1. What is the extension gain from A:Leu209 to A:Val40, computed as 0.36 nm multiplied by their sequence separation minus the C-alpha to C-alpha distance, in nm to one decimal?
2. Quote the FRET efficiency, to the nearest 0.05, computed for B:Ser236 versus A:Ile63 with a Förster distance R0 of 22 Å and r equal to the Cβ-Cβ distance.
3. Below 8 Å between Cα atoms, with a sequence gap of 6+, how large is the relative contact order for chain A in percent?
4. Over the Cα atoms of segment A:1-45, what Rg and Dmax result, in angstrom?
5. What order do you get for A:111-124, B:223-236 when each peptide is scored by the mean count of other beta carbon atoms within 10 Å, highest first?
6. Percent of alpha carbon pairs in segment B:47-144 separated by more than 22 Å?
7. Averaged over peptide A:133-141, how many Cβ atoms belonging to another chain are found within 10 Å of each residue's Cβ?
8. Of A:Lys169/B:Lys149; A:Lys169/A:Lys206; A:Lys206/B:Lys149; A:Lys6/A:Lys52; A:Lys169/B:Lys187; A:Lys149/A:Lys169, which sit over 28 Å apart, Cα to Cα?
There are 2 protein chains.
Amino acid sequence: MSESKKTVFVVGLGPGGGQFLTVQAQSALQQAEVLCGYTVYIDLVRPLYPEKECYTTGMTREIDRCRWALDTARAGRDVALVCSGDAGVYGMASPLLELAEEYPDVNVEVVPGLTAALSGGAVLGAPLAHDFCVISLSDRLTPWEVIEKRLACAAQGDFALALYNPSSKGRPDYLRRAVDILLANGKAPDTLCGSVRNIGREGQEKHILTLSQLRDTEVDMFTTVFVGNAATRALSGRMVTPRGYRR
Amino acid sequence: MSESKKTVFVVGLGPGGGQFLTVQAQSALQQAEVLCGYTVYIDLVRPLYPEKECYTTGMTREIDRCRWALDTARAGRDVALVCSGDAGVYGMASPLLELAEEYPDVNVEVVPGLTAALSGGAVLGAPLAHDFCVISLSDRLTPWEVIEKRLACAAQGDFALALYNPSSKGRPDYLRRAVDILLANGKAPDTLCGSVRNIGREGQEKHILTLSQLRDTEVDMFTTVFVGNAATRALSGRMVTPRGYRR
């Protein structure tokens, strides 16, 4: 019986095309008989596996995708549920594992991938070389007061920061509001910051600027924002956080 | 002139053997004429590139390795400086970029890799599916008071946490001290926690336990510790943090 159990692989693709896939992710995609995910992410891997059947849904249909993947595995086929970035960090592993409680006859395997904090960090230099926080500014699933509190705590602790979902059409001023909270809680206006747009994709752009400049910068939903700690410096156009305070 | 510039690739290997390498990391290791790094990490990749020359040094000789890599590139050979995990997160990208200021005639390319927060997180389930902090408990380069302050802020913000370097021979009680700070700053004693030892390597072990149990648990330097947020739950032996607070 257990030998016939099928698997849903929840696979982090990293930021873009094939070059960010791990060997483990390639194996999972290869083993899967069907690929499942948000249309934009499936389009990133479809060219690598043109023979595979694909099931795509719109952006907010996460639970449908999880259900479909588990039902398909139960019916006898290995499935790869793909996520951009990591499978875990704001990814599909969490809702899939919740729903998988109803599917004891299906295996779930989480395959990690490069989240934007790492892939975007590499583009900028080494912004997260010391203790850091990752915070999403999206209030779709999280009350804004919780986000505000976390921004305040991150600033008070002088963490370096990666900010995900810094903006969207419905909330163009969220990054400014976030910067104001960081400034009010101890981050200096000249704290070094960076942004990376379209990480690992065509049209990749990076910018290095101060926190006070960041406050008046418009970014879009394809951008990841980095905020340094007190020791972060610009070196030859790169954003570099020292690994420690002692030399 | 610029066509003859040589490159130091600073390459994150991920947690263990070849299966965690990205395609980009494989390309960098292949292009490099010589691999350079801490002995233990070179041993992870040497079997994959048996024809490559390797230069290895002991654990605390990071600056020597950076200098050697830059000198070697200046002398005309591409070098891969390898790190376990990510190149940036507590990795060699930061000291290399600092030293590279003295080597304008050498390119540096940062190649990201799976840091233990991601690779260990995948072993446990999805512990970092929402906002999280990464904190190292090593006070080799950071004053302990800074570490304490960050632990307190992380607890106050109800972040999920990945704790790196939770213990070593010289500081067997650091994890207990860290847990006490988390408890004193708002983390509940029954907060779900996890640990992963030897991520992606032979003898990989995982444990799921509460924060109060974690306080009395001994871990070693090969272990990464995860602390949930208030919503983190155990599901079929996995540690799962929901992606949000609203349903």
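1. Between A:Leu209 and A:Val40, full extension yields 57.9 nm more.
2. 0.75
3. The normalised contact order for chain A reaches 20 percent.
4. Reported Rg and Dmax, both Å: 11.8, 38.
5. With the highest mean Cβ count within 10 Å placed first, the list reads A:111-124, B:223-236.
6. So the portion of pairs separated by more than 22 Å is 42 percent.
7. 5
8. Cα-Cα > 28 Å for A:Lys169/B:Lys149; A:Lys206/B:Lys149; A:Lys169/B:Lys187; rest within.
Rule-based calculations on the coordinates, nothing more; no lab input. Because the structure is predicted, anything quoted here is derived from the model rather than measured. Neighbour counts run over all protein chains shown; Cβ positions are idealised from the backbone, glycine included.
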